[in-house]
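The structure appears right after this line, and notes come after that.
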Amino acid sequence: MAYHDHPHDEHRHDERHGHHHGTTDTGVDWAEMASLLESEAELFTPLYERALAWLAKEVTEPGLIVDAGSGPGVISCLFAEVFEGARIVAADGSAPLLERAAERAARYGAGDRFGTLAGELPGVLDELEYPADLLWASRSVHHLGDQRAALAGYAARVAPGGTLAVMEGGLPTRYLPRDIGIGRPGLQARIDAVEADWFTRMRTELPGSVAHTEDWPALLTAAGLHHSRSRTFLLDL
């Protein structure tokens with residue numbers, strides 16, 4: 001299996017700048033998928049570890065890290081491990097997933113500096129006590145109807161000089177050879193086409209859906225963020 005993704009890293013320099021999981025994504029019940037979400041994130045942990053190691057060179061000694069759209073908290077706990085002095089807040093639309101995130105943090109010995117925030121993103125981030133030094137959104141922005149407005153909402157909750165890191169896009173995951181020995185060759189390509197159609201329908205049916213060209217650096221710039229960087233990570237198992 002090969003997979004890669006692009007985290008875009010943005011820094012804010014003035015006061016204008018700050019995987020949602022619910023049940024709105026064409027009927028998906030994320031809480032019911034908790035075990036699958038955990039297993040998938042654990043499988044992709046080597047990729048996330050490399051992304052966080054890269055971020056650790058960009059972001060030094062953050063006080064507050066927010067994982068927006070955290071799900072069951074696998075990546076949130078990786079942040080707690082990489083940034084030992086930081087307070088971590090996992091934010092998500094699913095309270096059951098956040099319960100699992102808190103339990104995971106406790107098991108990993110980070111419970112004393114781990115908090116959760118349940119509610120609709122990005123609005124629920126207004127409940128943060130203070131702005132985030134690092135706000136991370138991994139494959140969650142595409143679950144929000146207006147992606148540009150969501151990025152602006154995230155940017156508003158980032159501290160001056162802080163960082164917004166967005167992981168979106170990338171090549172599709174590859175599991176199968178071209179010819180698996182059963183039926184017509186090219187099954188993986190046909191699966192990709194079905195998933196692409198589902199993704200388009202999911203985006204269209206989201207509340208407040210707005211079509212934007214998914215040029216992430218341009219969208220981040222439109223949100224008032226500057227000095228973007230991007231990096232691709234490939235996971236080959």
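The values are calculated or read from the model by the stated rules, or taken from the named source; none is laboratory data. Please read all numbers here as calculations on a predicted model, not as lab measurements. Methodologically, a virtual Cβ is constructed for each residue, glycine included, from the backbone with ideal geometry; neighbour enumeration extends over all protein chains shown. For the accessible areas, the whole protein counts, side chains as well, though only heavy atoms, and no ligand, DNA or RNA atoms are used. Shrake-Rupley method; radii C 1.70, N 1.55, O 1.52, S 1.80 Å.
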- [ ] May I ask you to list the residues in segment 134-169 that are part of a loop (DSSP other than H, G, I, E, B) and either farther than 29 Å from Glu61 by Cα or touching a Ser or Thr at 6+ places or on another chain (Cβ under 7 Å) (or both)?
- [x] Leu144, Gly145, Asp146
Open item on the list: Filter segment 79-92 down to the residues that are surrounded by 22 or more Cβ atoms within 10 Å (Cβ to Cβ) and in a loop (DSSP other than H, G, I, E, B) and list them by number.
Closed with: Phe83
Open item on the list: So, Ser76, is that one among the hydroxyl-bearing types (Ser, Thr, Tyr), buried (at least 21 other Cβ atoms within 10 Å of the Cβ) and either at pLDDT 95 or above or over 26 Å from Pro207 (Cα atoms) (or both) or not?
Closed with: yes
TODO: Taking the options Gly153, Gly111, Gly181, Gly119, name whichever one is surrounded by fewer than 20 Cβ atoms within 10 Å (Cβ to Cβ), in contact with a Gly (Cβ under 7 Å, 6 or more places away or on another chain) and modelled with pLDDT of 95 or more.
DONE: Gly119
Open item on the list: Of everything in segment 108-155, what is touching a helix residue (DSSP H, G or I) at 6+ places or on another chain (Cβ under 8 Å) and aromatic (Phe, Trp, Tyr)? Give them in sequence order.
Closed with: Tyr108, Phe114, Trp136, Tyr154
Open item on the list: Please verify whether Thr213 is open to solvent by 40 Å² or more (accessible area, probe 1.4 Å), closer than 25 Å to Ala56 by Cβ and among the hydroxyl-bearing types (Ser, Thr, Tyr), treating the condition exactly as stated.
Closed with: no
